[in-house]
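Step one of this worksheet: look at the structure below.
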Amino acid sequence: MITIINALKQPTRWEWVEQALANLDAILLDHSHCERKAAGVALNLMFRYPSNTKLVRMLTAIAREELEHFDLVNQWLERRGIPLGPLAAPPYGASLNGQIRRDEPMRLLDTLLVCGLIEARSHERLGLLAAHCPDRELAQFYRSLMASEARHYGVYWSLADTYCDRSAVRSRLEELAGAESNILATLHPEPRIHS
């Protein structure tokens, strides 16, 4: 069963699930990198917009939780004997970040929406891994992370709605969600959470 998340234009294709399940060690290593980057993004937003009290408060909680997940994934890497090392990133994040406009307040809006889309896709894909991973304990681990991923994308979209005009949020989310689906239209040859 594929979970449908309203903001995502297209669900993940089955080819990604097959690729991920055939390369679980690479997926786990990439997942570690994703959690670390997600914590860094939350911290960077707090530094960029320190006077936005609600943003700082909510992203402090997200950064803390992302670092906890980073530690949990790293424990899985250690259990499976996978060294924590560099891994080439797929074009997904850079391509999505390339959609962010540089002038304020559009920059804040786009950044929050891009973060929300990434979290929504993560939620969907962790759900797919939870449903189809043959290692029951690892599947349960992925399932345990799903609620926080859903909460994270909700926080980013709530912040966009807090600091930006609602009609601008809706129209820009529509555009960015289309771009996100286009980026994933071709399966990246290297297995990644966002390939």
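Read-outs throughout are calculated quantities, based only on the coordinates presented, and are distinct from any laboratory measurement. Just so it is clear, the structure is predicted and the values come from calculations on it, not from any experiment. Don't worry about glycine lacking a Cβ; one is built from the backbone with ideal geometry, like all the others, and counts go over all protein chains shown.
Points worth noting:
- Taking a sphere under 15 Å around the Cβ of Asp103 and counting the other residues whose Cβ falls inside, with K and R at +1 and D and E at -1, yields a net charge of +3.
- Simple point charges give the picture: +1 on the Cβ of Lys and Arg, -1 on the Cβ of Asp and Glu, and for the range 40-195 a dipole about the Cα centre of about 140 debye.
- Candidates Gly116, Gly85, Gly127: whichever shows maximal mean-square fluctuation once the chain is modelled as a Gaussian network with Cα springs under 10 Å: Gly85
- Net length gained if the chain between Thr53 and Tyr163 were fully extended (0.36 nm per residue, minus Cα distance): 38.5 nm
- Rounded D (µm²/s) - the range 74-137, Kirkwood Rh over Cα pairs, Stokes-Einstein at 25 °C, 0.890 mPa s: 169
- Each peptide in 183-195, 10-22 receives the mean, over its residues, of other Cβ atoms within 10 Å, and ordering these scores from highest gives 183-195, 10-22.
- Separation of alpha-carbon centers, the range 5-83 and the range 129-170, rounded to whole Å: 10
- Using all pairs of distinct alpha-carbon atoms, the Kirkwood hydrodynamic radius of the chain works out to 17.0 angstrom.
- Lys/Arg +1, Asp/Glu -1 at C-beta; the chain dipole; positive extreme among Leu184, Ser122, Thr162: Thr162
- Report note on the peptides 101-111, 52-62: ranked by the mean count of other C-beta atoms within 10 Å, highest first, their order is 52-62, 101-111.
- Across the range 1-101, the relative contact order, built from alpha-carbon pairs under 8 Å that are at least six residues apart, equals 27 percent.
- Compared with the dominant principal axis of the Cα atoms in the chain, helix 136-163 is inclined by about 10°.
- On Cα atoms only, tilt of 24-48 relative to the major axis of the chain in degrees: 20
- Estimated from helices alone, the mean residue ellipticity of the chain at 222 nm is -24500 deg cm²/dmol (sum of -39500 (n - 2.57) over DSSP H runs with n ≥ 4, per residue).
- Taking the chain as a Gaussian network of alpha-carbon nodes connected by springs under 10 Å, the highest mean-square fluctuation of the residues Asp135, Asp161, Asp25 belongs to Asp135.
- Protection proxy ranking of 39-47, 118-126 - average other beta-carbon atoms within 10 Å, highest first: 118-126, 39-47
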